[in-house]
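Engineer: Quick one: the structure is below, questions incoming.
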Amino acid sequence: MKPTILSVFVMLFTLSLLAQSPGGEITLSGTVLDKQASYPLEYATITLTDTSNPQSINGGITDFDGKFAIKTAPGVYDIKIEYISFKPVILKAQKLDKDTSLGTISLEMDAATLEEVTVVAEKTTVEFKLDKQVYNIGKDLTVRGGTVSDVLDNVPSVSVDVEGNVALRGNDDVRILINGKPSGLVGLNSTEALRQLPAESIERVEVITSPSARYDAEGSAGILNIILKRSKLQGLNGALTTNVGNFGTRGISANVNYRTGDFNIFATGGYNIRGSEGNSSTTRVQPNGLFIEEREFERERGGLNSNFGVEYYFNDNTSITGSVVVRDSDNENGSVNNITETENEDIFLTQRLAPETEQDFTTQYSLNFNRRWENDGNLSIELQYENSEEVEFVDISNISLNSDIGVELETNETIEDQKRFFAQVDFVQPLGDDARFEAGYRGNISELDTDFTVFDNLDSDQLELNTDLSNSLIFNEDIHAFYTQYGTKVNKFNFLVGLRLEYTNIEIEQQTISDFRSRDFTNLFPTLNINYEFNEKETVSLGYNRRIRRPRGFFLNPFPSRTSATTFFQGNPNLNPSLSNGIDISYLNRISKSLTLNGSIFFRRTEDTFEFVFLETDQVAIVNGNEVAVLNRTPINLSRNDRIGIEGTLTYSPTKKWRINANVNVFNSETVGEFEGIDYGASNFTWTARLNNKYTLPWGIDSQTRINYRGPSVNAQSENEGIFSADLAFSKDLFNEKASIALNISDVFNSRIRRSNVNFPFPGESAFQFRERTVNLSFTYRFNQKKKRERQGEFNGGDEEFEG
């Protein structure tokens, strides 16, 4: 068998460690346990630093039973035993001149951070903290070979609709961050980007429904913070995943980490091509007859996503990290619209072809300095620059199938160029054992330049520039924020109170008509989080926060988006930001080792809420020689929206092989307001439910079933039917748990379809299916690491930690 590059590298690295031991070897051994649960900690890290030569570092990790045995040269060492989320144990100046056993080392959970109230062990899926919930991705079979959108759709409280829009507790105004900040991995179009990022690159998702003052005030629903994988293991380790599926889907992704001495090098990324097919239909009753439009589309999204970085540790408390993000994607979308129009006894047929290509390229550079001191004091400085460009080209043909009307041609080209500079400073100072003070600054300066060009043959036999539709817009948004917060613990109470000030300046320049608009506003955002511990198993939390939803450039952009001959989307440059106040009361009860219940009641009132409405226009489209009214879909400000709901999550493990997780979210949304004399008020009572069932079959085959249901909903102009969908997956570990193969089927019954009954401005119905049933087969290989195994610890809710 020929040696691989990896095996040669590992051999050379091992020889280099042995070369550091010229005087013979001794063995350092011991066992690392969780002090509270008294079970072994697998993959705890033991680091040996030679006191006479600090650059000489040796070490190792614990096995499944928490045991370690490290060979090293005789000498005097500083020994550090650490495990993520636990307080490290440091043994200074230990003289090792013979085989030595440290016996049992017990690590305590790190509860020094006041805003953190960890109530489940490291090996569980869910961690509850004072201002957020953390979901470790774990061995989630249904997202193997999938995307970040697939991951988010499997997180309790989060839903992803058929168009890929993300919502939190039914509210789509969600702020999405990568590693706690805006990221080039999301780019200009977050929905499309989340469909391309590989799921294997994610370590965990933080669901922040009651953000403290430390976080952006943007997003009335809350914040989703996606944390990318970065290993803490010494040496070279990582995982490689390949996948193949129907509709031409295929790809490869990896996460790699190399840690030695004062350096930690990490990289995540992948190249994927994802194909899909979908369809939609619209029927509306017009004064002169029926209008029916049926659409079929095929998509192929290909792209490279990568995140590469290097950490350097000046010492145990000071580090600097530099990273580079590159996202390069090339998408092709082909759609065929068949239009049938009836007038009296006449039937007219038209076919609309709209092939579309889209190219996106994003680069982002980040630099972070971090300094810690005793009792979790910390200073962090982050700088980031991002440049994103998106070019979209659509070539539209309207062909009349039963008349002598010529072919109508239209070509649309959209070029978007965004530059963004981000800076953040966070300072944390402990005040005694039970209090801490925090303060910081965040600046986000961005410029989005959009050029929209339309050529058509409506007025001649040649394609000519349509100056009525073509336009150029520059959108600048500068946000500067300062915050401070104070946390303390009194008996069984934890308090975290904060205040955030944000100054926003927006400039809109419509270059085509030489129109320039500018406005600025300053807002205060108070926050309060309180936690009370009844006992070790039972806690209750109260959170209050004020949030803002600023209109994005897409909402303000007055350019019409012509995806159909009879409807178009147009932004509203007069749209105002909406402000909201919310209260969240949560209850957690770890009823037993195998059963955990978490529930919450929430209320949010939003002023000047956004609503998308259809408006009649003076324009008409000529379809088969007949005039058809053209509708305009646009965002407007309405008076008020009240949202109240209740949510429950249950985690249950009947046996070691069987794990169940269920989430139910019931809410009512009441909207009040009118626009141009029309009442758009609406009351919407709906609910969502999610059930995850994991079971280990014979021969070590893991199975997972996920069932989703979104209840019926209504808005000012339509009624939406409920949506049911189911996913199924199987996985088998190979090669002594160094590899896994997984098969997952998304939307088993091909039922993920949004069906609506429209009542204004014309009665009708519609159906939309973004992606038909998909089948995906993936293979994962891990080097220098094993799959994280389950352990039924004291607080184990039946799920496992992330892999990688």
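Engineer: Assess whether residue 585 counts as being in contact (Cβ under 8 Å) with a residue 40 or more places away in the chain and not in a strand (DSSP E or B). Reasoning before the result, please.
Structural biologist: Details: in contact (Cβ under 8 Å) with a residue 40 or more places away in the chain: yes; not in a strand (DSSP E or B): no.
It is false that residue 585 is in contact (Cβ under 8 Å) with a residue 40 or more places away in the chain and not in a strand (DSSP E or B).
Engineer: Collect the residues in region 491-506 that are among the charged types (D, E, K, R) and modelled with pLDDT under 95, keeping them in residue-number order.
Structural biologist: Result: 492, single match.
Engineer: If I filter region 622-673 down to residues being of a type in the set (D, E, K, R) and assigned to a strand (DSSP E or B), which single residue comes out as nearest to residue 159 (Cα to Cα)?
Structural biologist: Top of the filtered list is 647.
Engineer: Please tell me if residue 592 is assigned to a strand (DSSP E or B), in the same structural domain as residue 397 (by TED's automatic domain parsing), small (Gly, Ala, Ser) and over 30 Å from residue 287 (Cα atoms).
Structural biologist: no
Engineer: Determine if region 156-177 includes at least one residue that is at pLDDT below 70, in a loop (DSSP other than H, G, I, E, B), surrounded by 21 or more Cβ atoms within 10 Å (Cβ to Cβ) and within 12 Å of the chain's Cα centre (by Cα).
Structural biologist: No; the residues of region 156-177 include none that is at pLDDT below 70, in a loop (DSSP other than H, G, I, E, B), surrounded by 21 or more Cβ atoms within 10 Å (Cβ to Cβ) and within 12 Å of the chain's Cα centre (by Cα).
Engineer: Using beta carbons and a limit of 7 Å, which pairs, at least six apart or on different chains, have the first residue in region 228-241 and crowded, with 19+ Cβ neighbours inside 10 Å and part of a strand (DSSP E or B) and the second one of a type in the set (D, E, K, R) and modelled with pLDDT of 70 or more?
Structural biologist: 228/203; 239/782
Engineer: Which pairs turn up if I take residues in region 76-102 that are acidic (Asp, Glu) and look for partners that are surrounded by fewer than 17 Cβ atoms within 10 Å (Cβ to Cβ) and assigned to a strand (DSSP E or B) with beta carbon separation below 9 Å, at least 6 apart in sequence or on another chain?
Structural biologist: Close Cβ pairs (under 9 Å, with a partner that is surrounded by fewer than 17 Cβ atoms within 10 Å (Cβ to Cβ) and assigned to a strand (DSSP E or B)) amount to 78/90; 78/91; 78/92; 78/93; 78/94; 82/90; 99/27; 99/29.
Engineer: Please determine whether any residue of region 107-118 is surrounded by fewer than 20 Cβ atoms within 10 Å (Cβ to Cβ) and either at pLDDT 75 or above or over 32 Å from the mean Cα position of the chain (by Cα) (or both).
Structural biologist: Yes, region 107-118 has at least one match.
Engineer: Quick check on region 430-444: of everything there that is farther than 13 Å from residue 216 by Cα, among the small types (Gly, Ala, Ser) and in a strand (DSSP E or B), which residue is nearest to the chain's Cα centre (by Cα)?
Structural biologist: 439
Engineer: Looking for whichever is in the same structural domain as residue 89 (by TED's automatic domain parsing), in a strand (DSSP E or B), under 24 Å from residue 593 (Cα atoms) and at pLDDT 75 or above here; the options are 33, 28. Which one fits?
Structural biologist: Result: 33 is the single residue among 33, 28 that is in the same structural domain as residue 89 (by TED's automatic domain parsing), in a strand (DSSP E or B), under 24 Å from residue 593 (Cα atoms) and at pLDDT 75 or above.
Engineer: Further, regarding this structure: Report yes if some residue within region 724-735 is of a type in the set (Gly, Ala, Ser), crowded, with 16+ Cβ neighbours inside 10 Å and either at pLDDT 90 or above or in a loop (DSSP other than H, G, I, E, B) (or both); otherwise report no. Before the answer, list the steps.
Structural biologist: Going through region 724-735, the residues of a type in the set (Gly, Ala, Ser) turn out to be 725-726, 729, 731.
Narrowing further to those that are crowded, with 16+ Cβ neighbours inside 10 Å: 725-726, 729, 731.
Now narrow it down to the ones that are either at pLDDT 90 or above or in a loop (DSSP other than H, G, I, E, B) (or both): 725-726.
Scanning region 724-735, I find at least one residue that is of a type in the set (Gly, Ala, Ser), crowded, with 16+ Cβ neighbours inside 10 Å and either at pLDDT 90 or above or in a loop (DSSP other than H, G, I, E, B) (or both), so the answer is yes.
The values are calculated or read from the model by the stated rules, or taken from the named source; none is laboratory data. These figures come from a predicted structure and were not determined experimentally. Neighbour counts run over all protein chains shown; Cβ positions are idealised from the backbone, glycine included.
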